[in-house]
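The structure under discussion appears below in the form of structure tokens.
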Amino acid sequence: MRRQPNPTDPISAAALEPPPDAQALLFDWDGTLADSTTANYHSLREGLQEHGHLLRRDWFDQRTGLSTHEMVRLLAAETGAPLDSSLVARRRDAAFLDRFVHTVEPVRPVLDIARTARAQGRRLAIATGGTTVSFAPTLDHLGIRDLFTVIVTREDVDNGKPAPDLYLLALSRLGVPARDAVVYEDSDEGLRAAAAAGIDAIDVRPVVAPERLPRTP
């Protein structure tokens, strides 16, 4: 089973169907299963405002596959601002839990794929670059924890996306080889992570968020 995404696939939910021989489906969380991109942006924006930095939405949208810590470190390197990623992340998480966690809704077409796959007896995993403090309440808010055999977060690995660590750990815990799995992702970093892990991937953005696809010159 080696299915590569086809850029000519119709922009409909049918484009999200997994290969029939995929034994396991591995899902990113933010922007893939959970419609949380806007909530995450506003939360991080709040965390950075206390440090005198205004986060641009276009900058954020181009890097949604990175964890908060990695995003803040990159921002500090690009701007020269003295940003402490741990402090910003704590403020970001507090803002998310206080104001935004209950605004998150499921990405219905992708969740439908997960539910159907589970009913078919396939094994499901979440591999998120988020941390437990904000991810777990969102997962429980959506009430879908029982769908997933394995859940791994950024805290479980040394390196976040685009490194393959999250997906390799999820595969190991599932007991499924890369050739028998498929990844669902919504970011360039996540797609690179899947490729580095040797797993075919389906980019959900053409179906659920075409405005977030990379722009071609």
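Values in this text are rule-based calculations from the coordinates and carry no lab data. From a predicted model like this one, the values you see are computed outputs, not experimental measurements. Neighbour counts are summed over all protein chains in view; Cβ atoms, including those assigned to glycine, are modelled from backbone coordinates with ideal geometry.
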3J(HN,Hα) from dihedral phi, segment 68-75, Karplus parametrisation 6.51/-1.76/1.60, rounded to Hz, x for glycine, proline: 4, 4, 5, 5, 5, 4, 5, 4
Within segment 58-217: Cβ-based charge dipole about Cα centre, in debye rounded to nearest 20 (Lys, Arg +1; Asp, Glu -1): 300 debye
Nonlocal amide H pairs with residue 184, under 5 Å, H built at 1.01 Å: 26, 27, 28, 202
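Using the crude model of +1 on Lys and Arg Cβ and -1 on Asp and Glu Cβ, and no other charge, please compute the dipole size for segment 93-163 relative to its Cα centre, in debye to 20. List each step's numbers first, then the result.
Working: 9 positive and 9 negative charges, 78 e Å.
Here the size comes out at about 380 debye.
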Highest average packing first - 127-137, 60-70, Cβ atoms within 10 Å: 127-137, 60-70
Extreme residue, positive dipole direction of the chain, given options 121, 94, 106 (C-beta unit charges): 121
Lys/Arg +1, Asp/Glu -1 at C-beta; the chain dipole; positive extreme among 32, 197, 82: 197
Karplus-derived HN-Hα couplings along segment 130-144 (A = 6.51, B = -1.76, C = 1.60, θ = phi - 60°), whole Hz, x at Gly and Pro: x, 9, 4, 4, 9, 5, 4, x, 5, 4, 5, 4, 7, x, 10
Within segment 143-182, backbone nitrogen closer than 11 Å to the virtual label 7 Å beyond the Cα of residue 74 toward Cβ: 161-163
Whole-angstrom gap from segment 123-165 to segment 87-103, using each part's C-alpha centre: 17 Å
Options (i) 35, 24, 14; (ii) 28, 18, 17; (iii) 24, 22, 15 - which one matches semi-axes √(5λ) of the Cα gyration tensor in Å as calculated here: (ii)
0 to 90° range, to nearest 10: angle between helix 37-49 axis and the chain longest Cα axis: 20 degrees
Most fluctuating residue given options 201, 81, 22, as computed from a GNM of the chain linking Cα atoms under 10 Å: 81
Euclidean distance between Cα centres, segment 60-85 to segment 178-216, Å: 21 Å
Highest-MSF residue in the chain out of 170, 119, 195 [GNM, Cα springs under 10 Å]: 119
